[in-house]
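Worksheet for the structure shown next.
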Amino acid sequence: MTVVPFHDLRREACEVEGSLRATFDTILAGGRFIGGEPVAAFERAFAALCGTEHSVGVGSGTEAIAVGLRSLGVGPGDEVVTAANTCVPTVAGIALTGATPVLADVDPHTLTLSPDSVVAALTPRTRALVPVHLYGRRAPMEELMPLARDRGLVVLEDAAQGHGLRLSGDAAAFSFYPTKNLGALGDAGAVVTSDADVADVARRLREYGQTPDRVAHLRAGQSRLDTLQAAVLLAKLPSLAQWNARRRALAERYTQALADTPVTLLDGSGEHVHHVFVVRSTDRDALRDTLRRAGVETLVHYPLAVHQHPAWRELDRPGALDESERAAAEVVSLPLYPQLTDNEADAVIAAMVAA
């Protein structure tokens, strides 16, 4: 029986092993493990990829959200609207600023933020929007940006799953967790923006609120992108375009083959870098069990909407987050990553058709 892992990071590491080993040797020989040219070089290259003027490396995607929002002037007393169908780090990053997360619902066909639900969630205290590019699908920014501008709100895009998407907010927060489309060998993140003032504040916030002369003008902790992770990301960056192209090809293969099966496919239109390939099933447990017995590993992104977690229950808005709750009960993620073989993809399809 063919065993298809949901994700095998060893394959990616093997693909770029030569570059990574050369990177390790260079960093070890240089003897500098915080800051330095590898960080600056990656920041320049990643900003160019994103089409922004600045990229500020930080310690994780969660901290990128917190640093990004604080750099945009968000803090205690403010409310920040984001999607209920996202991972906990999104609201954790908002909460780290001292602001209050407010959850809005998602479109049932795309599972990205619903502009109508955003409007219903706004209050006089709303200061910012954090649209989530969930599963690698670009949120409806053409609708959200005018909405934000009309109300004087700042916009930070949660692009943790959106490496390679077109950006249009005031800033964007990225994660380089190892499973991302562009992944480090540990935690890492970045804030990107074309606003020089926002970038300047972000650079201070990542290191105790200090300016280069080591004078602290802001109260802040520390969230640095370390030299080794920056160098690893720089070594992997040239592969991102081809890796995303392979993701698109696999997603199209699944979409065509699964169109007539009992599962519900998400809307395939719009911009997408296919971080995760998700289907919906009203009998998810049975489907996953059938696939497991066929040797196909699946995951669920995410089994709970944010407000269904005990730590975040106070964010519930009864009756206003129904689509997010339905999605949490139905979504299933199938194996999809650049190193997945065609034969493995066909094994997934065969198991799905037989389910």
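A few comments on the model shown:
- Neighbours by Cβ (under 9 Å, 6+ apart or cross-chain): first from region 151-169, touching a residue at least 12 places away in the same chain (Cβ under 8 Å) and farther than 21 Å from Leu233 by Cα; second among the polar types (S, T, N, Q) and in a loop (DSSP other than H, G, I, E, B): Val155/Ser168
- Residue within region 124-131 that is at pLDDT below 95 and closer than 23 Å to Asp78 by Cα present: no
- Hey, Asp267 more than 24 Å from the chain's Cα centre (by Cα) and either open to solvent by 20 Å² or more (accessible area, probe 1.4 Å) or not aromatic (Phe, Trp, Tyr) (or both) or not: no
- Residue in region 177-185 that is touching a strand residue (DSSP E or B) at 6+ places or on another chain (Cβ under 6 Å), among the aliphatic types (A, V, I, L, M) and on the phi < 0 side of the Ramachandran plot present: no
- Boolean, Leu291 is of a type in the set (A, V, I, L, M, F, W, C), modelled with pLDDT of 95 or more and closer than 25 Å to Arg138 by Cα: no
- Residue within region 8-20 that is assigned to a loop (DSSP other than H, G, I, E, B), touching a residue at least 60 places away in the same chain (Cβ under 8 Å) and exposed (fewer than 12 other Cβ atoms within 10 Å of the Cβ) present: no
- Enumeration of residues in region 211-224 that are touching a helix residue (DSSP H, G or I) at 6+ places or on another chain (Cβ under 6 Å) and surrounded by 16 or more Cβ atoms within 10 Å (Cβ to Cβ): Ala220, Ser223
- Leu321 fulfils the conditions (1) touching a helix residue (DSSP H, G or I) at 6+ places or on another chain (Cβ under 6 Å); (2) more than 26 Å from Pro178 (Cα to Cα) except for a single criterion, (1).
- Boolean, Ala241 is touching a Gly at 6+ places or on another chain (Cβ under 9 Å), open to solvent by 30 Å² or more (accessible area, probe 1.4 Å) and in contact (Cβ under 8 Å) with a residue 24 or more places away in the chain: yes
Yes/no per residue for (1) surrounded by fewer than 16 Cβ atoms within 10 Å (Cβ to Cβ); (2) without any contact (Cβ under 8 Å) to a residue 40 or more places away in the chain; (3) in contact with a helix residue (DSSP H, G or I) (Cβ under 8 Å, 6 or more places away or on another chain):
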| residue | (1), (2), (3) |
| --- | --- |
| Glu271 | yes, no, no |
| Leu315 | no, no, yes |
| Glu344 | no, no, no |
| Ala347 | no, no, no |
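- Applying a threshold of 6 Å to beta carbon distances and a minimum spacing of six or more residues, or different chains, the list of pairs starting in region 74-97 at a residue that is in contact (Cβ under 8 Å) with a residue 40 or more places away in the chain and ending at one that is among the polar types (S, T, N, Q) and part of a helix (DSSP H, G or I) reads Thr82/Thr90; Ala84/Ser324; Asn85/Ser324; Pro89/Thr62; Gly93/Thr62.
The values are calculated or read from the model by the stated rules, or taken from the named source; none is laboratory data. Everything numeric in this text was worked out from a predicted model, so none of it was measured. Quick reminder, even Gly has a Cβ in these numbers, built from the backbone with ideal geometry, and neighbours come from all protein chains shown. Each accessible area value is taken on the protein alone, full model and side chains, heavy atoms only, with ligands, DNA and RNA left out. Shrake-Rupley method; radii C 1.70, N 1.55, O 1.52, S 1.80 Å.
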